[in-house]
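Everything on this sheet refers to the single structure shown next.
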Amino acid sequence: MSAVLQPQPIDQDKMNAFLGKVVGDFGAALSSSLAYIGTRLGLYEAIAQVGSVTPKELAEKTGTVERYVREWLINQAAGGYVDYDAATDRYSLAPEQAVALTDASSPFYVGGGFYVIKAMTGAQTRILEAFKNGGGILWGDHDPELFVGTERFFRPGYATHLIASWIPSLTGAEAKLKAGAKVADIGCGHGASTIIMAQNYPNSRFWGFDNHEASIQTARERALEAGVADRITFEVAGASDFSPADGGYDLIGFFDCLHDMGDPGAAAKRASENLATDGSALIVEPMAGNVVSENFNPIGRTFSAASTLCCTANSLALGGPALGAIATEEILSKTVLGAGFKQFRRATETVFNRVFEARN
């Protein structure tokens, strides 16, 4: 017979603190849905444009229903996303709130994250079944807004760091790109990283590869809008069978995607085999610790959640090793070096990213 578990004494202060944390998480989880709605309907942009609003004014400006807007504004003020002036009964955005919630060109923009959360939480039922029965869910089977949100979430970081620090941190890559290089962007999605590079290195030629046809179509449209379609070729292709280039690619990029893949080793092998002499692979991965406890922080909490609902699930759906978004540097190194690369190092980092260089 199993031993009878004896109840443990409860520390009331610790219990109250824990319950307070849980209630805070309840509010944050529910409020993320309202932040998505605010982003999707342009409510934040409308407040920023006007300066301050009443619920009635915001509803009129955005073509929404005042009764919902009133409740939404109370929630947003309670969460610190908007400011409230009790004397005038009006709501406004502080400069910091306005930039983070409305300026998609800013490195501080967070709007894309609400699309990602909305899409990932929509997969809960399927992930629950995967917990019990194995398997997972492919990227392409998620809510389509996952792709919209992923581009919007990552693009500000790429715009801020890719040209300014990531490429310069690689061995000789910046000089090659300025002179004229061949670059492959693997798992390019909507092409944000590819387009940023093309805009900044007009002498170079770029190829973007992704196995999601709808994303490639969007990437082509984005390239036309940006005026760089003549120097970018976007193709539907997998990470282990993308098209080679004559003489190899001078730079092959994996932006926040290697850890998702069903066969990251095969993807790294394909990159190694198609790299030009003295070329580099740029591997951007989420920030994660080298031991489990180093992920016990807000960033680790966010990435491990996203990994459970999306990254790990995609790899498991493909029968892969499920590196996941919080893969350690040691695991990433073994994967890349085991695929044929001779060198692997952390070239630079940000608060949210580890940036690695691999070379033959």
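The values are calculated or read from the model by the stated rules, or taken from the named source; none is laboratory data. As the structure is a prediction and not an experimental result, all values here were calculated from the model. Cβ placement follows ideal geometry from the backbone for every residue including glycine, while neighbour counts extend to all protein chains displayed. Surface areas here come from the heavy atoms of the whole protein model, side chains and all, with no ligands, DNA or RNA. Shrake-Rupley method; radii C 1.70, N 1.55, O 1.52, S 1.80 Å.
Figures for the structure shown
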| item | result |
| --- | --- |
| Residue order for H212, H190 - accessible surface, 1.4 angstrom probe, largest first | H212, H190 |
| Values of log10 I(q)/I(0), in the order q = 0.07, 0.12, 0.14, 0.15 Å⁻¹, for the chain under a Debye, Cα-only, solvent-free model | -0.36, -0.95, -1.19, -1.30 |
| Accessible surface of M261 - all protein chains present, 1.4 Å probe, nearest 10 Å² | 30 |
| Relative contact order of the range 258-360, defined on C-alpha pairs under 8 angstrom at six or more residues apart (%) | 40 |
| Modelled FRET efficiency - R0 25 Å, S165 with L30, Cβ distances, 0.05 increments | 0.10 |
| Directionally averaged projected area (convex hull, Cα atoms, the range 298-360), nm² | 4.6 |
| Backbone N within the range 22-55 under 20 Å of label point (7 Å from I10 Cα along the Cβ vector) | 22-26 |
| Accessible area per residue in Å² at 1.4 Å probe, computed on the range 184-266 | 37 |
| FRET efficiency for K178 and E329, using Cβ-Cβ distance with R0 set to 30 Å, rounded to 0.05 | 0.50 |
| Computed over the range 29-108: relative contact order in percent, which uses C-alpha pairs under 8 Å that are six or more apart | 31 |
| Accessible surface, per residue, of the range 58-168 when the full set of protein chains is kept, probe 1.4 Å, Å² | 53 |
| FRET efficiency for N203 and V351, using Cβ-Cβ distance with R0 set to 41 Å, rounded to 0.05 | 0.80 |
| Subset of K176/K334; K176/K342; K176/K269 violating a 26 Å alpha-carbon distance limit | K176/K334 |
| Aspartates and glutamates whose Cα lies under 18 Å from that of K14, excluding same-chain neighbours fewer than 8 positions away | D25 |
| Whole-angstrom Cα spans of the range 194-331 along principal axes, big to small | 46, 33, 27 |
| Computed label-point distance, nm, for sites Y84 and E129 using a 7 Å Cα→Cβ extension | 4.2 |
| Cβ crowding within 10 Å averaged over residues, with 141-148, 17-24, 287-294 ranked highest first | 141-148, 287-294, 17-24 |
| Sequence of T312, T194 from largest to smallest accessible area, 1.4 Å probe | T312, T194 |
